[in-house]
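One structure below.
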Amino acid sequence: MPVAITTPGYRYCHKVNHCLSASISALSTAKKPMVTTASSSGTTSNAGAFTTIKETVTFEKEIKKSKFIAIAGPISNEQSAHSFLNQVKDPRATHNCWAYKVGDQYRSNDDGEPSGTAGKPIHSAIVSSGLDRIMVVVIRYFGGIKLGTGGLVRAYGGVASECLRNAPTCLVKSKVGMEFLKVPMGVEVPFDLLGVLYHQLQSFEVEDIKQDYDTGKDGTTMVSFKVEFDQAGKLEEAIKANCSRELVFYKH
């Protein structure tokens, strides 16, 4: 059963099949600006095999009355990292801290926590896992008890590690990595916008287009399809730009 993605809210579950579909917007809304922690080269090599996670997974833990929710998902580049963050972050939370790794490039953000106590431990958990092309967002709801710098490092790094430890993984052997991996998407669309939708689907050369009249609400139909991994966000933006109404996108 597909899972609807709506913003700004996000419903957490322990495993959600993956598809990157969320509007791409600047990260200027974060409490602290995006910080580049390190990069050993200006470009990321796509050559060779790597191990990543198959789908979005979450891990939740309460530490001294603060709730920590780690959400990990596969990404292909910085743009899809922006999209994933916008999809899962909770503006109602005290902090939305994160880190991602794509080849030799990685970035992290403490989002208001003391410098080096959140983003860096999350990144260390990613490196220790041996996984690549993934992002981990750790959401904290403050419970009233301060953890101290050491406690924060252990909390953020610990929940990120547990989240990745529980994630199903896959080995990607393609020379170009995940760029040509086909992922499923779906959108609920009114009948009168089907022509506009199909034009965009043809432009992005999607595959396996299916239409289900029983799934959508009255006057709408569910259209599902497969699109190249790194084109999913761009396709959603193109559909939104050419349709005059708000549409609901799904991940399968």
Open item on the list: In whole percent, and with a 1.4 Å probe on the protein chains, what portion of the accessible area of region 177-251 is carbon and sulfur?
Closed with: 48
TODO: Extending each Cα 7 Å along its Cβ direction at R92 and Q202, get the distance between those two points in nm, one decimal.
DONE: 4.4
Task: Histogram of C-alpha separations across region 98-187, 10 Å bin width, % - done: 15, 43, 27, 12, 3
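With contacts defined as alpha carbon pairs under 8 Å and 6 or more residues apart, what's the relative contact order of region 96-181 in percent? All intermediate terms of the calculation are to be shown ahead of the outcome.
Details: 113 pairs, mean separation 25.3, N = 86.
Relative CO of region 96-181 lands at 29 percent.
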TODO: Taking only protein heavy atoms into account and a 1.4 Å probe, give the accessible area per residue of region 49-173 in Å².
DONE: 38
Open item on the list: Can you compute log10 of I(q)/I(0) for region 177-251 with the Debye formula, treating each Cα as one identical point scatterer, at q = 0.13, 0.17, 0.20, 0.21 Å⁻¹?
Closed with: -0.34, -0.58, -0.80, -0.88
Task: Fully extended contour minus Cα-Cα distance, from D104 to D218, at 0.36 nm per residue - done: 36.2 nm
TODO: Mind giving me the nanometre distance, one decimal, between the label points for E62 and L194, set 7 Å out from Cα along Cα→Cβ?
DONE: 5.0
- [ ] Count charges around S124 for me, please; just the other residues with Cβ under 12 Å from its Cβ, Lys/Arg as +1, Asp/Glu as -1.
- [x] +3
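The values are calculated or read from the model by the stated rules, or taken from the named source; none is laboratory data. Model, not experiment: these values are computed from the prediction. Heads up, the Cβs are rebuilt from the backbone with ideal geometry, glycines too, and the neighbour counts pull from every protein chain shown. Side chains are part of the model used for accessible areas, which takes the heavy atoms of the whole protein and leaves out ligands, DNA and RNA. Shrake-Rupley method; radii C 1.70, N 1.55, O 1.52, S 1.80 Å.
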